[in-house]
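Data first, discussion second: the structure below is written as structure tokens.
The values are calculated or read from the model by the stated rules, or taken from the named source; none is laboratory data. As the structure is a computational prediction, the values presented were derived from the model and not from experiment. We place every Cβ from the backbone using ideal geometry, glycine too, and count neighbours over all the protein chains shown. Each accessible area value is taken on the protein alone, full model and side chains, heavy atoms only, with ligands, DNA and RNA left out. Shrake-Rupley method; radii C 1.70, N 1.55, O 1.52, S 1.80 Å.
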Amino acid sequence: MVIFTNLLTLIGLIVMGWLVGSLLNFLADILPEEPRTWRARCLACRSVRSWLDYVLLRACPVCGKKQSSRTVVTQLLSVVGIIALWAYPPDRFGFWAILPCMIYFALVAIIDIEHHLILHIVTLAGALLVLPTGILWNGALSTLIGGAAGALIMFILFYLGELFRRWISRARHEEVVEEALGFGDVTLSAVLGLLLGWPKIAFNIITAIVLAGLASGLYLLIMLLRKKYLPFTAIPYGPFLLIGAVILIYLA
């Protein structure tokens, strides 16, 4: 009986993970390009695609273009992630309480990695989503201070990065377009501050800086070895903030 129950649970988690991954892909295609119409479109012929196309991994019915590799990878990773979260939920929250936050983190990461964007509509939805959890975890005062501190600290870093970009542009006598940080990182830090509270948001930002530095160094080394290095290539910063938040959710 126990084996049968565990098997049903595993099947349910696999189905849940696949559906969550389908939803993430659907939203990641809609929000950067069609946030007002809520229509996902084929990248080749721009015909409208439904959520069911993502669930079933169907090719475009008009031009036959297959789903992207990101779609497949996201849905497989979602299955693995849901199973792992069920098996090892944060002690403080449990599976169901933290699941919406993890889905939100995944959506932000996908869009930021693919488009280098953290959308305001996603930020606003995230603030509304994490605020109750943050208050229950940290209390109202720590939550609000955390949100303000996250925004302020990251805004200072954003402004310093902008000054550095302008200085490099003048020194090179050409415009450096890529930014070290985007303003979306400021708003994301505010959202994470509402979740983590003060002073955990400060540790989160420090952790993200360290992780981003290590990743940048590794990327630089790989590109130099491949002789394909381009100076001032920006990497998305949001995923490192999210990784730091997950670490604190489990350990703080």
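Taking the stated definitions as given, is LEU144 open to solvent by 70 Å² or more (accessible area, probe 1.4 Å) and outside any helix (DSSP H, G or I)?
no
Check off (1) buried (at least 17 other Cβ atoms within 10 Å of the Cβ); (2) assigned to a helix (DSSP H, G or I) for ILE118 and give me the number that stays unchecked.
Condition not satisfied by ILE118: (2).
Select the helices (runs of 4 or more DSSP H) contained entirely in the range 1-95, then report the ones holding at least 1 residues which are open to solvent by 90 Å² or more (accessible area, probe 1.4 Å) and in contact (Cβ under 8 Å) with a residue 40 or more places away in the chain.
In the range 1-95, 69-87 are the helices (runs of 4 or more DSSP H) which contain 1 or more residues that are open to solvent by 90 Å² or more (accessible area, probe 1.4 Å) and in contact (Cβ under 8 Å) with a residue 40 or more places away in the chain.
Taking the options VAL62, VAL72, VAL79, VAL48, name whichever one is at pLDDT 85 or above and more than 25 Å from ILE118 (Cβ to Cβ).
Sole residue among the options that is at pLDDT 85 or above and more than 25 Å from ILE118 (Cβ to Cβ): VAL79.
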